[in-house]
1. Report the local net charge at Glu81: Lys and Arg +1, Asp and Glu -1, summed over other residues whose C-beta lies under 15 Å from its C-beta.
2. Probe of 1.4 angstrom, ligands and nucleic acids ignored: what's the accessible area per residue over the stretch 107-171, in square angstrom?
3. One-quarter of the Cα convex hull surface for the stretch 61-151, in nm²?
4. Rounded, prolate or oblate: which one fits the stretch 53-109, using the alpha carbon gyration tensor with axes a ≥ b ≥ c (rounded when a/c is under 1.5, else prolate when a/b beats b/c, else oblate)?
5. So how much slack lies between Tyr33 and Lys149, counting 0.36 nm per residue of separation and subtracting their Cα-Cα distance, in nm?
6. Roll a 1.4 angstrom probe over the protein heavy atoms and tell me the percent of accessible area of the stretch 56-171 that is carbon or sulfur.
7. HN-Hα J couplings of the stretch 120-127 from phi, Karplus 6.51/-1.76/1.60, θ = phi - 60°, integer Hz, Gly and Pro as x?
8. Per residue of the stretch 132-146, what does 6.51 cos²θ - 1.76 cosθ + 1.60 with θ = phi - 60° give for ³J(HN,Hα)? Whole Hz please, x for Gly and Pro, Karplus curve as stated.
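The values are calculated or read from the model by the stated rules, or taken from the named source; none is laboratory data. Since this is a predicted model, take the numbers as computed values, not measurements. In this analysis, Cβ positions are derived from the backbone assuming ideal geometry, glycine residues included, and neighbour counts consider all displayed protein chains. Note: accessible area is taken over every heavy atom of the protein model, side chains too, but ligands, DNA and RNA are not part of it. Shrake-Rupley method; radii C 1.70, N 1.55, O 1.52, S 1.80 Å.
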Amino acid sequence: MEEIEVPTEHLHETIEERVEEAIEKKEKSGSMYIAISTALMAVFAALASLIAGHHSDEAVIDQIQASDQWALYQAKGIKAEIRAIVPTPGADTTIARYKEEQKEIQEKAREHEIASKKHLDSHSVLARAVTMFQIAIAISAIAILTRRKPLWWVSICISGVGLWYFVSGLI
């Protein structure tokens with residue numbers, strides 16, 4: 001006797017295939033969102049790193065300029081002391097001029113120190129942003145590899161913190 005093929009078996013196989021295709025398609029689209037968000041995190045990390053480096057460079061330049069001003073301040077002070085020790089005609093006006101120049105030099109030196117500190121503060125905040133974005137990228141990669149969407153949401157939250165630091169560093 002011949003075995004009769006039950007049409008529901010074929011139908012059952014077709015349904016299973018379609019379900020698997022739908023799941024695979026959904027996973028691919030989910031992976032696409034994770035990949036795009038990870039790429040955006042990388043872009044923000046690169047921008048934050050670039051701007052942080054700029055602020056670091058500017059902080060060093062301002063600190064060097066402040067040091068130069070302080071050296072000039074000391075030189076004027078030494079000149080004034082020498083004039084006071086070895087009096088010559090007009091020494092009093094020269095000493096007064098040196099003292100006045102010292103006040104201007106001191107003001108410039110302090111301005112450069114303040115500018116250096118501001119740049120260094122911005123650098124620190126932007127460096128935190130870079131760190132947050134790098135952590136978010138790593139967690140996002142783990143989310144893709146393990147196919148665990150909750151990890152992706154964690155990476156989105158961490159990149160949100162990174163974005164907050166990024167904006168704070170720009171202000």
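1. Counting the neighbours of Glu81, the net charge comes to +3.
2. Result: 64 Å² of accessible area for each residue.
3. Mean projected area for the stretch 61-151: 7.4 nm², to one decimal.
4. prolate
5. 40.7 nm
6. Numbers: 4740 of 7560 Å².
Solvent-exposed carbon and sulfur of the stretch 56-171 make up 63 percent of the total.
7. 5, 5, 4, 4, 4, 5, 5, 5
8. 4, 5, 5, 5, 4, 5, 4, 5, 5, 5, 5, 4, 5, 5, 8
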